1. How large is the translational diffusion coefficient of region A:1-63 in µm² per second when you combine the Kirkwood radius over alpha carbon pairs with Stokes-Einstein at 20 °C and 1.002 mPa s?
2. Per residue of region A:143-158, in order, report the coupling 6.51 cos²θ - 1.76 cosθ + 1.60 (Karplus, θ = phi - 60°) as ³J(HN,Hα) in whole Hz, putting x for Gly and Pro.
3. Mean-square fluctuation check for chain A, GNM, Cα pairs under 10 Å: which of A:LYS98, A:LYS65, A:LYS155 is largest?
4. Pull up the cross-link candidates among the lysines for B:LYS173, meaning alpha carbon to alpha carbon under 27 Å and not fewer than 8 places away within one chain.
5. Read phi for every residue in region B:82-93 and hand back ³J(HN,Hα) as whole Hz from Karplus 6.51 cos²θ - 1.76 cosθ + 1.60, θ = phi - 60°, with x for Gly and Pro.
6. Can you tell me, using C-alpha contacts under 8 Å and at least 6 residues apart, the relative contact order of chain A as a whole percent?
7. With the Cα gyration tensor of region A:119-188 giving a ≥ b ≥ c as the square roots of its eigenvalues, does the rule (a/c under 1.5 for rounded; else a/b larger than b/c for prolate; else oblate) give rounded, prolate or oblate?
8. Give the interface area between chains A and B as buried accessible surface, both sides summed, probe 1.4 Å, in Å² to the nearest 100.
Amino acid sequence: MKGPMSQDEKLNSVIAGCKKKQPQCFERLVDMYASRCYGYFYRLSGNADTAGDLLNELFLKVYQKIGSYRGESFNGWIFRIAANLFSDYIRQKVRYKKLLDEKQAQQTYADSDPPRREHFAADKLDLCLSRLEPELAELITLRFYSQMSFKELAKLRREPIGTTLSKVHRGLNRLRELMENENKNEKR
Amino acid sequence: MKIKMKNDNENLNELLKSLYNAEQAELVRQQIQAGDKLFAQFKTHQPDAANIEAVKQNIRDKITSGKHTALPRIIKFIAAAACILIAVSAGIMWMFKNSPQPQVGKIISQNITEENWFSDEQYTQNDKDLAVFEEQYRQLQDLLLAVKLDENGDYESRTGSVDELETSFIEIKTSFWEG
């Protein structure tokens, strides 16, 4: 008699079903990964709507690309797509902001309204992450939500493992400092 | 959802020891763990049920539309391939119809440059026989010329030489074409 399936076996069976375009397998995959991927998008964008949209795009990409998955770490595979999607989103946002700035510069009158905050901090961690260098914030968030090893992260970022480790170390230290400063400010 | 840091594929201690000395490695390990705890302290944001359902519905739609569009796509592909095949065949036939009939001898002679045609240097080991035949042919030509000029004198010896010459010619011709 067969024993209960391990997590890896379950995941492999779900992926095999997804490759055959079975809807119930995609639904299971969404259940397995939606929270972590949403958390990753939410922490970096600071916006629930953006995180929701990116999550939707992510799973559509997964649907399109699942045929090219060759059995490497699935965490690494899905979060690589997520990281690329987030980079595209940032690039698009920068382009849009540039266009907006150019249009605003052409206006003859000064806009008296203060600029709207793009990042809505849901908690202290969000606030401190938004003050961190974007590259470090993205890297430590990716590491936490994807649960990837340093080796996998280094491979994804195409840099030596020592560089990745040093960046994660620096990012987490800086985040800790920011959190401590925030705590001190709260006490005052 | 509580996320456990479970990076199965690595041994952080070993990795740190390969990059730092023992003391530094321990310090970096503690700092990384403290940083990880910060993340873990804060609640991870969850997508709402409607959001998840929308994602699933989108995939279901994609799968359904994919099934519906597969057959017309295959038909279109086959039709396009057939059109290309017909066009190529028609093109080839048109080319053959309109091109002048090739003259084999002309084509062969065009392919051999003048230097190659007369150059003895071009003979390879396998062409030695041909050189022998050519030499014999030259000698016979000389002999024929001598006969014609009546260098040998009397009629009998002249006709004998001609017969001999003709036989030799036939022999060479046969050997030549037999290779």
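The values are calculated or read from the model by the stated rules, or taken from the named source; none is laboratory data. All values derive from a computational prediction rather than experimental measurement. Positions of Cβ are generated from backbone atoms using ideal geometry, with glycine treated the same way; all protein chains shown enter the neighbour counts. Ligands, DNA and RNA are stripped out before the accessible areas are found, and what is left, the full protein with its side chains, is counted by its heavy atoms. Shrake-Rupley method; radii C 1.70, N 1.55, O 1.52, S 1.80 Å.
1. Value of D from the Cα-based Kirkwood radius: 167 µm²/s.
2. 4, 5, 7, 7, 6, 6, 6, 4, 4, 5, 4, 4, 5, 4, 8, 6
3. A:LYS98
4. B:LYS173 reaches B:LYS106, B:LYS128, B:LYS148.
5. 5, 4, 4, 4, 5, 4, 5, 4, 4, x, 5, 4
6. 22
7. prolate
8. Looking at A and B, the buried total is near 3900 Å².
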